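Below you'll find the structure, written out as C-alpha coordinates, and then a few comments.
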Amino acid sequence: MPNLTAVSVFLLWGFSTLPELQLLGAASFLLIYLAAILGNVAIVAAVTHAAHLHTPMYFFLKPLSLVDICSVSTTLVATTLGSGDISLHACASQLFAFVCLGSTECFLITSMAFDRCLAIYRPLMYRAATSPETCVSLVSVAWGSGLVFSAFHTANTFSLPFCGPNVIDHFFCDIPPLMRLACANADAHEAAGFAVSGCVIMSCFGLTVSSYVRILATVCRIRSTAGRWKALSTCSSHLATVLLFYGTGSSAYVQPRSSYSPTQGLVAAVFYSVLTPTLNPLIYSLRNTDMKGALQKLYPRGPF
(Lines give C-alpha, C1' and ligand atoms only; values in the text may rest on other atoms or scores of the structure.)
Protein backbone atom coordinates (compact mmCIF):
# COMPACT_ATOMS: atom_id res chain seq x y z
CA MET A 1 0.00 0.00 0.00
CA PRO A 2 1.48 3.42 -0.91
CA ASN A 3 2.26 5.91 1.83
CA LEU A 4 -0.64 8.28 2.39
CA THR A 5 -0.37 11.74 3.92
CA ALA A 6 -3.20 12.25 6.34
CA VAL A 7 -5.17 15.45 5.99
CA SER A 8 -4.86 17.71 9.04
CA VAL A 9 -6.72 20.76 7.68
CA PHE A 10 -9.85 21.00 5.54
CA LEU A 11 -10.92 23.91 3.38
CA LEU A 12 -14.61 24.82 3.43
CA TRP A 13 -15.58 25.76 -0.09
CA GLY A 14 -18.74 27.65 0.91
CA PHE A 15 -21.06 29.03 -1.74
CA SER A 16 -18.64 30.80 -4.01
CA THR A 17 -14.96 31.61 -4.48
CA LEU A 18 -15.72 35.16 -5.67
CA PRO A 19 -14.81 37.69 -2.94
CA GLU A 20 -17.87 39.83 -3.70
CA LEU A 21 -20.26 36.91 -3.34
CA GLN A 22 -18.43 35.68 -0.24
CA LEU A 23 -18.88 39.10 1.38
CA LEU A 24 -22.54 39.22 0.40
CA GLY A 25 -23.11 35.71 1.73
CA ALA A 26 -21.34 36.48 5.02
CA ALA A 27 -23.42 39.64 5.49
CA SER A 28 -26.65 37.79 4.71
CA PHE A 29 -25.82 34.93 7.05
CA LEU A 30 -24.90 37.40 9.80
CA LEU A 31 -28.32 39.06 9.56
CA ILE A 32 -30.07 35.68 9.56
CA TYR A 33 -27.96 34.56 12.50
CA LEU A 34 -28.87 37.65 14.53
CA ALA A 35 -32.57 37.15 13.70
CA ALA A 36 -32.39 33.49 14.79
CA ILE A 37 -30.61 34.33 18.05
CA LEU A 38 -32.93 37.22 18.95
CA GLY A 39 -36.06 35.26 18.06
CA ASN A 40 -35.14 32.17 20.05
CA VAL A 41 -33.86 34.18 23.03
CA ALA A 42 -37.21 36.01 23.05
CA ILE A 43 -39.06 32.68 23.12
CA VAL A 44 -36.93 31.40 26.02
CA ALA A 45 -37.40 34.66 27.95
CA ALA A 46 -41.17 34.71 27.37
CA VAL A 47 -41.67 31.10 28.48
CA THR A 48 -39.45 31.67 31.53
CA HIS A 49 -41.12 34.86 32.77
CA ALA A 50 -44.78 34.33 31.79
CA ALA A 51 -46.52 32.28 34.48
CA HIS A 52 -49.36 31.24 32.16
CA LEU A 53 -46.82 29.58 29.84
CA HIS A 54 -45.53 27.25 32.57
CA THR A 55 -47.32 24.27 31.06
CA PRO A 56 -46.03 21.06 29.45
CA MET A 57 -46.87 22.43 25.99
CA TYR A 58 -44.39 25.28 26.42
CA PHE A 59 -41.96 23.35 28.61
CA PHE A 60 -40.53 21.65 25.52
CA LEU A 61 -40.32 24.95 23.66
CA LYS A 62 -37.46 26.24 25.81
CA PRO A 63 -35.03 23.37 25.09
CA LEU A 64 -36.13 23.45 21.44
CA SER A 65 -35.19 27.14 21.22
CA LEU A 66 -31.89 26.51 23.03
CA VAL A 67 -31.11 23.73 20.57
CA ASP A 68 -31.88 26.09 17.67
CA ILE A 69 -29.58 28.76 19.14
CA CYS A 70 -26.71 26.29 19.47
CA SER A 71 -27.40 24.69 16.09
CA VAL A 72 -27.38 27.90 14.08
CA SER A 73 -24.28 29.05 16.00
CA THR A 74 -22.46 25.82 15.18
CA THR A 75 -22.83 26.34 11.43
CA LEU A 76 -23.01 30.11 10.89
CA VAL A 77 -20.31 31.38 13.24
CA ALA A 78 -17.67 29.38 11.36
CA THR A 79 -19.16 30.50 8.04
CA THR A 80 -19.33 34.23 8.77
CA LEU A 81 -16.22 34.64 10.92
CA GLY A 82 -13.96 31.81 9.81
CA SER A 83 -11.23 31.97 7.18
CA GLY A 84 -12.41 28.82 5.41
CA ASP A 85 -9.70 26.61 6.92
CA ILE A 86 -10.75 24.17 9.64
CA SER A 87 -8.58 21.59 11.36
CA LEU A 88 -9.48 17.90 11.38
CA HIS A 89 -10.31 17.96 15.10
CA ALA A 90 -12.36 21.15 14.78
CA CYS A 91 -14.21 19.64 11.84
CA ALA A 92 -14.99 16.51 13.86
CA SER A 93 -16.17 18.66 16.78
CA GLN A 94 -18.40 20.71 14.51
CA LEU A 95 -19.91 17.58 12.97
CA PHE A 96 -20.49 16.05 16.41
CA ALA A 97 -22.20 19.20 17.71
CA PHE A 98 -24.34 19.67 14.62
CA VAL A 99 -25.57 16.06 14.47
CA CYS A 100 -26.17 15.99 18.22
CA LEU A 101 -28.26 19.17 18.11
CA GLY A 102 -30.17 18.10 15.01
CA SER A 103 -31.03 14.68 16.41
CA THR A 104 -31.95 16.16 19.79
CA GLU A 105 -34.36 18.50 18.02
CA CYS A 106 -35.85 15.47 16.25
CA PHE A 107 -36.47 13.73 19.59
CA LEU A 108 -37.87 16.92 21.14
CA ILE A 109 -40.33 17.36 18.27
CA THR A 110 -41.47 13.77 18.82
CA SER A 111 -41.97 14.46 22.54
CA MET A 112 -44.01 17.54 21.68
CA ALA A 113 -46.22 15.45 19.38
CA PHE A 114 -46.77 13.01 22.26
CA ASP A 115 -47.70 15.96 24.50
CA ARG A 116 -50.28 17.29 22.01
CA CYS A 117 -51.71 13.81 21.51
CA LEU A 118 -52.26 13.33 25.24
CA ALA A 119 -53.77 16.81 25.60
CA ILE A 120 -56.44 16.09 22.98
CA TYR A 121 -56.88 12.32 23.14
CA ARG A 122 -56.66 11.90 26.92
CA PRO A 123 -57.40 15.36 28.42
CA LEU A 124 -58.49 13.98 31.81
CA MET A 125 -55.18 12.23 32.42
CA TYR A 126 -53.06 14.87 30.66
CA ARG A 127 -51.78 16.59 33.81
CA ALA A 128 -50.85 13.34 35.50
CA ALA A 129 -49.17 11.91 32.40
CA THR A 130 -47.16 15.07 31.68
CA SER A 131 -45.88 15.81 35.17
CA PRO A 132 -42.72 17.95 35.51
CA GLU A 133 -40.72 14.81 36.23
CA THR A 134 -41.99 13.17 33.02
CA CYS A 135 -41.19 16.25 30.95
CA VAL A 136 -37.68 16.48 32.39
CA SER A 137 -37.17 12.78 31.68
CA LEU A 138 -38.27 13.19 28.06
CA VAL A 139 -35.89 16.12 27.54
CA SER A 140 -33.05 14.18 29.20
CA VAL A 141 -33.71 11.17 26.96
CA ALA A 142 -33.73 13.47 23.93
CA TRP A 143 -30.31 14.90 24.83
CA GLY A 144 -28.87 11.50 25.74
CA SER A 145 -30.13 9.92 22.52
CA GLY A 146 -28.74 12.85 20.54
CA LEU A 147 -25.30 12.38 22.10
CA VAL A 148 -25.27 8.65 21.32
CA PHE A 149 -26.53 9.18 17.77
CA SER A 150 -23.94 11.89 17.15
CA ALA A 151 -21.10 9.85 18.63
CA PHE A 152 -21.91 7.01 16.23
CA HIS A 153 -21.99 9.26 13.14
CA THR A 154 -18.81 11.12 14.11
CA ALA A 155 -16.94 7.87 14.69
CA ASN A 156 -18.42 6.33 11.54
CA THR A 157 -17.32 9.31 9.43
CA PHE A 158 -13.87 10.03 10.87
CA SER A 159 -12.81 6.40 11.06
CA LEU A 160 -12.37 6.78 7.30
CA PRO A 161 -8.90 7.87 6.10
CA PHE A 162 -8.59 11.37 4.60
CA CYS A 163 -5.45 11.81 2.54
CA GLY A 164 -6.49 14.41 -0.01
CA PRO A 165 -8.18 16.27 -1.56
CA ASN A 166 -9.16 18.36 1.47
CA VAL A 167 -11.71 20.79 -0.03
CA ILE A 168 -15.18 20.27 1.49
CA ASP A 169 -17.85 21.32 -1.01
CA HIS A 170 -20.01 22.79 1.74
CA PHE A 171 -20.13 25.71 4.19
CA PHE A 172 -19.63 23.51 7.29
CA CYS A 173 -18.44 19.99 8.08
CA ASP A 174 -21.31 17.68 7.17
CA ILE A 175 -21.43 13.93 6.64
CA PRO A 176 -22.17 13.55 2.89
CA PRO A 177 -19.45 15.91 1.58
CA LEU A 178 -16.91 14.50 4.03
CA MET A 179 -17.53 10.93 2.93
CA ARG A 180 -16.94 12.00 -0.67
CA LEU A 181 -13.40 13.03 0.34
CA ALA A 182 -12.44 9.70 1.93
CA CYS A 183 -9.56 7.96 0.17
CA ALA A 184 -10.99 4.52 0.93
CA ASN A 185 -14.15 2.70 0.01
CA ALA A 186 -16.87 4.32 2.12
CA ASP A 187 -19.72 2.04 1.04
CA ALA A 188 -19.87 0.14 4.34
CA HIS A 189 -19.73 3.36 6.38
CA GLU A 190 -22.37 4.93 4.17
CA ALA A 191 -24.64 1.90 4.51
CA ALA A 192 -24.25 1.88 8.31
CA GLY A 193 -24.96 5.60 8.58
CA PHE A 194 -27.90 5.34 6.20
CA ALA A 195 -29.39 2.43 8.17
CA VAL A 196 -29.01 4.10 11.57
CA SER A 197 -30.28 7.48 10.34
CA GLY A 198 -33.18 5.86 8.53
CA CYS A 199 -34.23 3.86 11.60
CA VAL A 200 -34.02 6.84 13.95
CA ILE A 201 -35.66 9.37 11.65
CA MET A 202 -38.39 7.04 10.48
CA SER A 203 -39.09 5.88 14.05
CA CYS A 204 -39.47 9.48 15.26
CA PHE A 205 -41.48 10.39 12.19
CA GLY A 206 -43.69 7.33 12.61
CA LEU A 207 -44.40 8.18 16.26
CA THR A 208 -45.20 11.75 15.27
CA VAL A 209 -47.52 10.67 12.47
CA SER A 210 -49.29 8.15 14.73
CA SER A 211 -49.79 10.90 17.31
CA TYR A 212 -51.41 13.13 14.71
CA VAL A 213 -53.56 10.29 13.40
CA ARG A 214 -54.89 9.84 16.93
CA ILE A 215 -55.37 13.61 17.23
CA LEU A 216 -57.34 13.82 13.96
CA ALA A 217 -59.47 10.83 14.93
CA THR A 218 -60.31 12.52 18.22
CA VAL A 219 -61.01 15.89 16.59
CA CYS A 220 -63.37 14.28 14.10
CA ARG A 221 -65.48 13.04 17.01
CA ILE A 222 -65.92 16.58 18.37
CA ARG A 223 -69.36 17.75 17.34
CA SER A 224 -68.95 21.53 17.44
CA THR A 225 -66.94 23.29 14.75
CA ALA A 226 -65.55 25.74 17.31
CA GLY A 227 -64.32 22.84 19.42
CA ARG A 228 -62.58 21.26 16.45
CA TRP A 229 -60.79 24.47 15.51
CA LYS A 230 -59.77 25.07 19.13
CA ALA A 231 -58.25 21.59 19.35
CA LEU A 232 -56.47 21.89 16.02
CA SER A 233 -55.16 25.39 16.81
CA THR A 234 -53.13 23.99 19.72
CA CYS A 235 -51.28 21.77 17.24
CA SER A 236 -50.86 24.14 14.29
CA SER A 237 -47.50 25.60 15.36
CA HIS A 238 -46.02 22.21 16.16
CA LEU A 239 -47.33 20.72 12.92
CA ALA A 240 -45.67 23.54 10.95
CA THR A 241 -42.39 22.79 12.74
CA VAL A 242 -42.73 19.07 11.94
CA LEU A 243 -43.27 19.73 8.24
CA LEU A 244 -40.38 22.18 8.09
CA PHE A 245 -37.98 19.93 9.98
CA TYR A 246 -38.67 16.65 8.22
CA GLY A 247 -39.21 18.24 4.82
CA THR A 248 -35.70 19.73 4.81
CA GLY A 249 -33.62 17.35 6.93
CA SER A 250 -34.74 14.10 5.36
CA SER A 251 -33.80 15.31 1.88
CA ALA A 252 -30.18 15.60 2.99
CA TYR A 253 -29.67 12.53 5.17
CA VAL A 254 -32.08 9.79 4.10
CA GLN A 255 -30.57 9.27 0.67
CA PRO A 256 -27.64 7.21 -0.62
CA ARG A 257 -24.30 8.85 -1.34
CA SER A 258 -24.52 7.88 -5.02
CA SER A 259 -27.44 10.26 -5.52
CA TYR A 260 -25.95 13.07 -3.44
CA SER A 261 -25.61 16.39 -5.25
CA PRO A 262 -23.37 19.13 -3.76
CA THR A 263 -25.76 21.84 -4.92
CA GLN A 264 -28.76 20.00 -3.51
CA GLY A 265 -26.84 19.41 -0.29
CA LEU A 266 -26.03 23.11 0.05
CA VAL A 267 -29.63 24.19 -0.54
CA ALA A 268 -30.99 21.57 1.86
CA ALA A 269 -28.41 22.53 4.49
CA VAL A 270 -29.44 26.19 4.30
CA PHE A 271 -33.03 25.17 4.99
CA TYR A 272 -32.52 22.68 7.82
CA SER A 273 -29.53 24.34 9.53
CA VAL A 274 -30.27 28.04 8.98
CA LEU A 275 -33.86 28.78 8.05
CA THR A 276 -35.52 26.24 10.35
CA PRO A 277 -33.97 27.69 13.57
CA THR A 278 -34.82 31.18 12.29
CA LEU A 279 -38.44 30.42 11.40
CA ASN A 280 -39.33 28.40 14.52
CA PRO A 281 -39.74 31.51 16.73
CA LEU A 282 -42.02 33.06 14.11
CA ILE A 283 -44.08 29.89 13.86
CA TYR A 284 -44.62 29.76 17.62
CA SER A 285 -45.37 33.48 18.04
CA LEU A 286 -47.39 34.69 15.04
CA ARG A 287 -50.38 32.35 15.43
CA ASN A 288 -50.21 31.81 19.19
CA THR A 289 -52.13 34.41 21.19
CA ASP A 290 -50.66 33.28 24.54
CA MET A 291 -47.11 33.59 23.24
CA LYS A 292 -47.83 36.92 21.56
CA GLY A 293 -49.26 38.25 24.82
CA ALA A 294 -46.20 37.12 26.76
CA LEU A 295 -43.86 38.70 24.22
CA GLN A 296 -45.79 41.98 24.25
CA LYS A 297 -45.47 42.14 28.03
CA LEU A 298 -41.79 41.29 27.85
CA TYR A 299 -41.07 43.69 24.97
CA PRO A 300 -43.84 46.35 25.10
CA ARG A 301 -42.21 48.41 22.34
CA GLY A 302 -41.33 45.43 20.17
CA PRO A 303 -42.90 44.30 16.89
CA PHE A 304 -45.15 41.64 18.46
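Sorted by packing (mean other beta-carbon atoms within 10 Å per residue), highest first, where do 37-44, 129-136 land? Walk me through the intermediate numbers first.
Working: 37-44: 19.6, 129-136: 13.5.
The packing order, highest mean first, is 37-44, 129-136.
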- Query: Hull surface divided by four, with the convex hull built on the Cα atoms of the chain: how many nm²?
  - Reply: 17.5 nm²
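Please calculate how many Å² of accessible area the chain carries per residue, with a 1.4 Å probe and no DNA, RNA or ligand atoms counted. Could you put the intermediate results ahead of the total?
Details: 15000 Å² over 304 residues.
Spelled out: the 1.4 Å probe surface of the chain, per residue, equals 49 Å².
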- Counting only residues 5 or more apart in sequence or on a different chain, those whose built amide H sits under 5 Å from that of Ile168 are Leu11, Leu12, Trp13
- Message: Can you compute the FRET efficiency between Leu11 and Thr48 using 1/(1 + (r/R0)^6), with r the Cβ-Cβ distance and R0 = 45 Å? Round to the nearest 0.05.
- Response: 0.65
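Please state, as a whole number in µm²/s, the translational diffusion coefficient that the Stokes-Einstein equation yields for the stretch 157-204 at 10 °C and 1.306 mPa s, with Rh defined as the Kirkwood radius across alpha carbon pairs. Could the numbers behind the result be given before it?
Working: Rh = 11.7 Å.
Roughly 136 µm²/s, to the nearest whole number.
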- How much mean residue ellipticity at 222 nm does the chain get from its helices, if each DSSP H run of length 4 or more adds -39500 (n - 2.57) and you divide by all residues, to the nearest 500 deg cm²/dmol? -24500 deg cm²/dmol
- Highest GNM mean-square fluctuation among Leu138, Leu181, Leu31, for the chain with Cα springs under 10 Å, belongs to Leu31
- Query: Dipole of the chain, Cα-centred, from +1 at each Lys and Arg C-beta and -1 at each Asp and Glu C-beta, to the nearest 20 debye?
  - Reply: 1480 debye
- Message: In Å and on Cα atoms, what radius of gyration and Dmax does the stretch 67-212 show?
- Response: 18.2, 61
- A correct Karplus calculation of ³J(HN,Hα) over the stretch 97-106, with 6.51 cos²θ - 1.76 cosθ + 1.60, θ = phi - 60°, whole Hz and x for Gly and Pro, returns 5, 5, 5, 4, 5, x, 6, 4, 4, 4
- Query: For the stretch 48-133, what does the alpha-carbon gyration tensor say about shape, rounded, prolate or oblate, given a ≥ b ≥ c as the root eigenvalues, a/c under 1.5 as rounded, and a/b over b/c as prolate?
  - Reply: prolate
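Please list 191-198, 59-66 highest first by mean number of surrounding beta-carbon atoms within 10 Å per residue. Don't skip to the answer; put the middle values down first.
Values: 191-198: 14.9, 59-66: 22.0.
Taking the mean over residues of other Cβ atoms within 10 Å, the ranking is 59-66, 191-198.
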- Centre separation in Å (Cα based) which lies between the stretch 126-165 and the stretch 82-122: 7 Å
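Apply the a/c threshold of 1.5 to the C-alpha gyration tensor of the stretch 145-250 and tell me whether it is rounded, prolate or oblate.
Working: a/c = 4.50, a/b = 2.98, b/c = 1.51.
Prolate is the answer for the stretch 145-250, as a/c is 1.5 or above and a/b outweighs b/c.
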- Positive-pole candidate from Thr55, Ala182, Val267, dipole of the chain, charges at beta carbon: Thr55
- Simple Cβ-charge dipole of the stretch 59-181, Lys/Arg +1 and Asp/Glu -1, about Cα centre, in debye nearest 20: 380 debye
- Query: What lysines could a cross-link reach from Lys62, if we take a straight Cα to Cα line under 17 Å and drop same-chain neighbours fewer than 8 places away?
  - Reply: Lys292
- Please report, for the Cα atoms of the stretch 98-144, the Rg to one decimal and the Dmax as a whole number; what are they, in angstrom? 11.7, 39
- How large is ³J(HN,Hα), in whole Hz, for each residue of the stretch 41-57 in order, when computed from phi with the Karplus curve 6.51 cos²θ - 1.76 cosθ + 1.60 and θ = phi - 60°, using x for Gly and Pro? 5, 4, 5, 4, 5, 5, 5, 6, 8, 8, 5, 6, 9, 7, 10, x, 4
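The values are calculated or read from the model by the stated rules, or taken from the named source; none is laboratory data. Owing to the predicted nature of the structure, the values given are computational and were not obtained by experimental measurement. Reconstructed Cβ throughout: ideal geometry from the backbone, glycine too, with neighbour counts over all protein chains shown. Calculation scope for accessible area: heavy atoms of the full protein, side chains included, ligands and nucleic acids excluded. Shrake-Rupley method; radii C 1.70, N 1.55, O 1.52, S 1.80 Å.
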